[in-house]
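Quick notes on the structure that follows.
Every number in this text was worked out from the coordinates using simple rules, so none of it is lab data. Because the structure is a prediction, the values reported are computed rather than measured. All Cβ positions, even for glycine, are placed from backbone atoms using ideal geometry, and neighbour counts span all protein chains on display.
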Amino acid sequence: MKLWGGRFRGARDPRFEKFSESFSLDSRLIHYDLEANRAYVEALGRAKVLTAREVRELLSGLRAIGRSVKRNPRWAEREASEDVHTWVEERLGRIAGAAARKLRTGRSRNDLVATELRWYAKDASRLLERGILDLWNSLLHQAARHPHAVLPGYTHLQPAQPILLGHYWLAYFEMFERDYQRLEDCRRRADELPLGSGALAGTPYPIDRLKLAGALGFARASRNSLDAVSDRDFACELAFVCSLALVHLSRLAEDLILYSNPAFGFVELADAYATGSSLMPQKKNADALELIRGKAARTIGKAAGLLALLKGLPLAYNRDLQEDKHALFDAVDTARECFAIAAGVVRTLRMDPARMKSATAAGFLTATDLADELVRRGAPFAEAHEQVGKLVRYCLERNCPLESLGDAEARAIIPAWDKTLRSIALSPERSAARKRALGGTAPAQVSKQLARCRKLAATLSRQAD
Ligand code: ARG
């Protein structure tokens with residue numbers, strides 16, 4: 001069945017039929033389509049376009065379709081149609097008879113599909129928020145396990161200064177907190193009803209669009225029909241937020257891939273999320289994390305694809321827009337999957353605080369603290385920096401860690417060398433504890449942030465339930 005057969009005489013090339021169908025993709029919008037139709041039928045009833053009896057017949061037909069679709073989750077597999085909207089109308093015709101011929105009065109698939117995709121985007125952003133909450137809980141679980149353990153912090157991936165393990169995990173919490181906010185924000189903008197915009201110009205039937213918006217759970221109705229049927233900025237936004245969240249996740253993945261390398265040995269992935277090699281019996285590979293890193297690239301591609309789809313498109317609806325669903329569904333599905341896997345990987349990670357601590361010693365991570373102590377005693381920073389640099393070089397040339405350095409040797413390079421400087425050199429914990437200002441890695445700051453994050457996660461989890 002076609003919704004537009006009248007003006008055509010010739011049949012379509014079957015290859016073109018297949019080329020242009022979107023049912024195989026948009027059949028997953030079926031429940032949105034049925035609901036949008038339900039509300040629209042009621043609106044037509046209120047506008048006296050349909051009689052009370054027609055409204056009853058159509059509503060009961062839509063309910064029957066809903067039931068049969070629910071009963072059989074694989075309903076779409078044995079069906080074919082140009083798109084889900086066509087399928088519903090055809091099906092309704094079989095159940096409700098002549099009344100179904102009035103279903104699309106004053107309406108177009110253009111305003112319908114924009115409505116359904118916005119609705120999907122609203123629901124998808126909520127599901128993604130839940131995915132972030134799950135990941136948060138895993139991060140918080142780890143952050144609380146050894147909150148005050150120290151590990152090397154890196155810049156340029158070279159050992160820099162000691163940080164607390166809790167501080168490390170909470171850095172990712174912050175990133176995902178912003179992603180969470182971006183999802184809420186993007187949902188607010190998606191929350192606008194296009195239905196009632198017709199094909200492009202609006203509808204001549206007296207439909208109360210604000211009431212229709214309320215009936216479909218939308219906060220507002222669109223103010224411009226051309227914009228409503230033709231823009232997909234909400235889809236771009238959501239795909240971007242998915243991409244950015246996966247960019248954050250890919251950085252966490254990369255850290256953990258490195259940290260699970262035996263040369264670091266800070267963490268070990270649970271067997272549940274690792275794989276081996278068909279050739280090398282000793283291997284334990286972090287494939288779950290590598291795939292997360294890889295899937296971030298795929299989602300970035302979808303976001304870029306959506307922008308490219310809109311670029312230069314004339315107003316209003318164009319069939320190009322049908323491609324939006326492929327990109328958006330994939331970006332959302334991929335992001336949800338990655339969050340679920342990452343939550344599992346992080347939750348089950350085994351950590352080795354002893355390895356982390358010994359890595360801080362090997363990397364001279366307290367060098368800055370030594371210079372700071374010399375400054376406290378009155379040396380200009382540049383001079384302190386120079387002296388400590390020479391001490392590091394001395395140790396490197398002898399392949400000797402700071403802890404095996406004799407006091408006399410040290411004093412030859414740093415004349416002020418004493419017990420205090422030695423203990424500063426040997427205590428990464430003390431180094432961390434000095435970063436007491438807001439946002440630093442001192443235990444008091446980390447505990448405060450951990451409490452804040454816990455509270456936020458609990459509040460948002462309660463709201464989500
Ligand atoms: N399947 C189309 C889409 O997903 C909706 C149909 C609009 N088609 C049209 N020829 N106006 O965008």
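Side notes on the structure shown:
- Of the GluC sites (Glu not before Pro) found in region 52-119, those in coil by DSSP whose Cβ has at most 16 other Cβ atoms within 10 Å are Glu79.
- Loop-located trypsin sites (Lys or Arg not before Pro) in region 55-134 whose Cβ has at most 12 other Cβ within 10 Å (DSSP): Arg74
- Whole-angstrom gap from region 197-221 to region 287-319, using each part's C-alpha centre: 30
- Between Met175 and Asn399, the simple spin-label model (points 7 angstrom out along Cα→Cβ) gives 3.6 nm.
- For region 233-380, a Kirkwood hydrodynamic radius built from all Cα pairs, placed in the Stokes-Einstein relation at 20 °C and 1.002 mPa s, yields a translational diffusion coefficient of 116 µm²/s.
- Taking the Cα centre of region 377-465 as reference, the dipole from Cβ charges on Lys and Arg (+1) and Asp and Glu (-1) amounts to some 580 debye.
- Three semi-axes of the equivalent ellipsoid, the chain, Cα gyration tensor, whole Å, largest first: 61, 22, 19
- Residues of region 276-304 with an amide N closer than 11 Å to a point placed 7 Å from the Cα of Ala354 along the Cα-to-Cβ direction: none.
- Distance from region 9-53 to region 127-174 (C-alpha centre basis), Å: 48
- Taking each of Lys357/Lys435; Lys2/Lys311; Lys2/Lys211; Lys390/Lys435; Lys295/Lys325 in turn, the alpha-carbon distance tops 22 angstrom for Lys2/Lys311; Lys2/Lys211; Lys390/Lys435.
- Label positions at Arg347 and Ser423, each projected 7 Å from the Cα along the C-beta direction, are separated by 4.3 nm.
- Whole-percent pair-distance distribution, where bins are 5 Å wide, for the alpha carbons of region 237-311: 3, 16, 19, 18, 14, 11, 8, 6, 3, 1, 0
- Summed over qualifying helices (DSSP H, 4 residues or more, each -39500 (n - 2.57)) and divided by its residue number, the chain shows a 222 nm mean residue ellipticity of -21000 deg cm²/dmol.
- Paramagnetic label reach from Arg74 (point 7 Å along Cα→Cβ; backbone nitrogen cut-off under 18 Å): within region 1-44, residues 24-25, 27-28.
- Rounded if a/c under 1.5, otherwise prolate or oblate - region 1-103, Cα gyration tensor axes: oblate
- Sparse-neighbourhood loop sites, trypsin sites (Lys or Arg not before Pro) in region 342-410 - DSSP loop, at most 16 other Cβ within 10 angstrom: Arg377
- Applying 0.36 nm per residue to the separation of Ala47 and Glu17 and subtracting their alpha-carbon distance, the gain on full extension is 7.2 nm.
- Charge dipole (Cα centre; +1 on Lys/Arg Cβ, -1 on Asp/Glu Cβ; no other charges) of region 423-465 amounts to roughly 160 debye.
- A straight chain from Phe8 to Tyr154 at 0.36 nm per residue would run longer than the Cα-Cα distance by 45.8 nm.
- Residue (of Ala76, Ile30, Leu62) at the positive-pole extreme of region 1-90, dipole from beta-carbon charges: Leu62
- Only Lys, Arg, Asp and Glu carry charge here, each on its Cβ (+1 for the first two, -1 for the last two); on that basis the chain has a dipole of about 1440 debye about its Cα centre.
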